[in-house]
Each structure stands twice: as structure tokens, then as C-alpha cells.
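> Following this message is one structure expressed as C-alpha cells.
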Amino acid sequence: MESKVVTEVSANHQTDEHTVFSNPSFVNHEQVVFCYDERTGLKAIIAVHNTTLGPALGGTRFWNYKSEAEAVKDVLRLSRGMTFKAAISGLNLGGGKAVIIGDSKKDKSEGLFRRYGQFVNSLGGKYITAEDVGTNVNDMVFVNKETKFVSGLPEATGGSGDPSPVTAYGVYMGMKASAKHKWGSDSLSGKTIAVQGVGHVGEYLVEFLAKENAKVYISDIHEEQLKHVAQRFGSEIVSLDGIYDVDMDIYAPCALGGTVNTETLNRLKCSIIAGSANNQLAHELDHGKMVMDKGIIYAPDFLINAGGLINVYSELNGYNRENAMNATQKIYDVTLEILRKSDEENVPTIIAAKEIAEKRIADKLNSK
Ligand code: NAD
């Protein structure tokens, strides 16, 4: 029988979106675990996409999904993305992700995270969790009381702490490699760069760019943070929508996914797109091709924002920030490799990157 996640007993809701095996985002997931605990109110889904290269490592997102179907879709999409991210980064890790359904401002408790930790533990190390949107390192401390299969713990307890500086460094490396490919020099000095979203990653990225004397424009919905970053680094503030019209060399989306779409591509005047946000292309194939046809270099998001994953991976073998930064620096070379492959084969960079990731997994399978 087909597996179904029924959110409401209503014929209107019995759409394909509610399926698991036939969900368009399912694509060969190895295991999907639904976790429920009445006492703590825990409702979680752990998705393990692929463990060929190693245990599936991916954060736990705490989000108030409109429906269970939306949560299923999100966890499947995210966990598959982690498979590509780990593979392209050369890590011995598979892809997985988890979501907890609820309001992260109201529904968190030690009991809930400990119960969740027991579910993670029941997978025996096939899935290793970490923080993500809506969860933080302190929540992971509770999870860690029930399982050792958790990474991204606070620095005070020997963990890797906030991954954002490392993520920003990887984005910076990907951006420099793209500049090298485009202009023959990786110097960003004098380049005009628009950073959308100056939160955890964006602020560190602006710091790297300011140090290199780039001209930086910034936008954010968070007024105070925007002013703080502008004052700290002398960046120029632009409006939320106006950022797409800035006369820029590089567009760096560090807030939301889907901002590279048909509408924005008609406005963006940049030569390079390189940022930390996940799923920047609204539609991978269509917009990946449109970007290429416009002569814009798109540094694949899942590669250049992999610093955070590299950081938590480093924690598994005894954390050392320098080692994590050195491993993240390699994003520069991998970006160049992808950009060359994209040119040689005339395929969008996102496709070139996925092919390299898939080949690494296939090689491992064939060597068994
Ligand atoms: P964050 O929440 O700290 O920062 C995001 C910022 O974007 C916030 O300041 C927010 O106010 C702003 N923002 C939201 N909507 C906006 C809009 N419409 N226009 C402009 N700004 C807007 O998150 P973060 O940790 O800095 O992550 C940024 C992005 O990078 C996210 O997409 C995240 O998934 C991705 N990412 C982060 C990491 C990491 O290590 N933190 C790793 C990989 C990927």
C-alpha cells in the first residue's frame, strides 16, 4: 500500500503532495522516520537520503509548517540537498535532515529535545543531527543527553559552536574563485558586491569583503542589524527590493532561497551570483540555464555554503577551528573545477556540480 501522511480527513487534502514514496522530493530516500511523543508534544520527521559515503549528517529544523505535507516535502528536499553538499565537499558523510513541527518560540522544552534525542539514537548512528533554522547549540545539548549522534555543540563543551564564520569563509572562497574564473584575478578589491541579508553569515561575509576593499551594498528586513553592519564596515544600505537594481559585479544572496528567478534575472546586472542562502535558483534547471545564457557565473549554493557542514564534520574527530577553515578553503578549488566543467560541457554550473557529486557516490558504490 502507498504510504500516506494524511493531515486532515478531507478529500480535498488527499493529493499527491501528501504521499511519501511518490512525493517528487522522495527520490531514492533510504529511510524516513516519523517520531511522535504525546507527553512532550514532539512531532518530528527524520529523513535519511543516502549513506553511501558515510552517516547522514544534517541539522534539525524547528518550523511551524502549515501542514504535515509541507513538513514532509521540506525534510525530503533538504535531506537530498545534504547528500550533494557532503559529496561535493569531499566529506565521508551521507545526506540527511530532520524537522520538528512546531513554533520554536513556544514549543521548545528540554523534555521534547531529549525525547527527540532518543529517536535519533534509535537509528544507531545512521543519522547525526545538528542545529538548523529554529534550533540552536543549547537545544543540541539536551539532545546530546540522550545520544552521542549530535554535532554542533557549544564551544564551551568542546564543540564547534556557531558555524556561521566558517560558512561565510566558504562563500568568500567560492566568490573569489568565481572572480578568478571570470576576470582572471581573484581580487575583489574595488568590486561592487550586494549582500542580501546581513544576519549570522552575511555579517561575517561583509567583514571579509570590507577587508578586501570591495564596495559593499547591503539589505535586510532587520533595521537594527542593517544599521549595525553599515556602521561597522562602512557598507551602503539599499532597499529590500532595490538590491536587484544595484549596478553590481556580484550578487550575494544570504537571506532567502528562490531569489534568482525570471523576474530578478531581468533586473540583475551582475557578473557573478555567490551567496550562502540555500536553493537560490527558484527553478534549478530553468534558472540555471537562464543564468548561463546571460553570461552570469552562478557558484552553486550547496557547494559554497558547505563551510557549516565542514565545521560540524570536523567536530566528529575532535574539533579544531584551524582544520575546519583549511578544509573550507578547498571550496575555492572545487568551485574552479565546476566552473571549468560547466564551460567545457556547456551545462549550468548546478548541473556540473551535481554530476561531480553523483560520480563520487557512484564510484564508492562500484568499489564495494
Ligand atoms: P540569519 O537568520 O542569521 O540571517 C538571515 C538574515 O536575512 C536576517 O538578518 C534576516 O533579517 C534577513 N532577511 C530575511 N528576509 C530578508 C529579505 N527579504 N531581504 C533581506 N534580508 C532578509 O541566517 P544565517 O545563519 O545568516 O543564514 C543565512 C542563509 O544562509 C540562510 O538561507 C541559511 O539557510 C543559509 N546557510 C547558513 C549556514 C550557517 O552556517 N548559518 C550554513 C549554510 C547555509
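The values are calculated or read from the model by the stated rules, or taken from the named source; none is laboratory data. All figures in this text were calculated on a predicted structure; none of them were measured in a lab. When we count neighbours, we look across all protein chains shown, and the Cβ atoms used for this are built from the backbone with ideal geometry, even at glycine. Just so you know, the surface numbers come from the protein's heavy atoms only, side chains and all, with ligands and any DNA or RNA stripped out. Shrake-Rupley method; radii C 1.70, N 1.55, O 1.52, S 1.80 Å.
> Out of everything in segment 211-231 that is open to solvent by 70 Å² or more (accessible area, probe 1.4 Å) and farther than 22 Å from residue 173 by Cβ, what residue ends up being farthest from the ligand (Cβ to nearest atom)?
231
> Across segment 122-159, which residue is modelled with the lowest pLDDT among those that are in a helix (DSSP H, G or I) and open to solvent by 60 Å² or more (accessible area, probe 1.4 Å)?
Filtering first and then ranking leaves 157.
> Continuing with the same structure: Would you pick out the residues in segment 175-214 that are part of a loop (DSSP other than H, G, I, E, B) and on the phi < 0 side of the Ramachandran plot?
Hits for segment 175-214 are 185, 186, 187, 188, 189, 191, 198, 199, 212, 214.
> While we're on this one: Hey, can you tell me all the residues within segment 173-190 that are open to solvent by 30 Å² or more (accessible area, probe 1.4 Å) and either touching a strand residue (DSSP E or B) at 6+ places or on another chain (Cβ under 6 Å) or within 16 Å of the ligand (Cβ to nearest atom) (or both)?
182
> Among the residues of segment 138-168, how many are away from the ligand (no atom under 16 Å from the Cβ) and under 16 Å from residue 309 (Cα atoms)?
2
> If I ask for residues that are among the small types (Gly, Ala, Ser) and modelled with pLDDT under 95, which ones from segment 325-368 would you list? Even if it seems obvious, please write down each step before you answer.
The initial filter retains those residues of segment 325-368 that are among the small types (Gly, Ala, Ser), namely 327, 342, 352-353, 357, 362, 367.
Answer for segment 325-368, where residues must be among the small types (Gly, Ala, Ser) and modelled with pLDDT under 95: just 367.
> For segment 19-81, please list each of the strands (runs of 3 or more DSSP E) lying entirely inside it that holds at least 3 residues being farther than 23 Å from residue 163 by Cα and not assigned by TED's automatic domain parsing to the domain that holds residue 312.
31-37, 42-50
> Would you check if residue 339 is of a type in the set (A, V, I, L, M, F, W, C), more than 16 Å from the ligand (Cβ to nearest atom), surrounded by fewer than 21 Cβ atoms within 10 Å (Cβ to Cβ) and touching a residue at least 12 places away in the same chain (Cβ under 8 Å)?
For residue 339, the condition - of a type in the set (A, V, I, L, M, F, W, C), more than 16 Å from the ligand (Cβ to nearest atom), surrounded by fewer than 21 Cβ atoms within 10 Å (Cβ to Cβ) and touching a residue at least 12 places away in the same chain (Cβ under 8 Å) - is not met.
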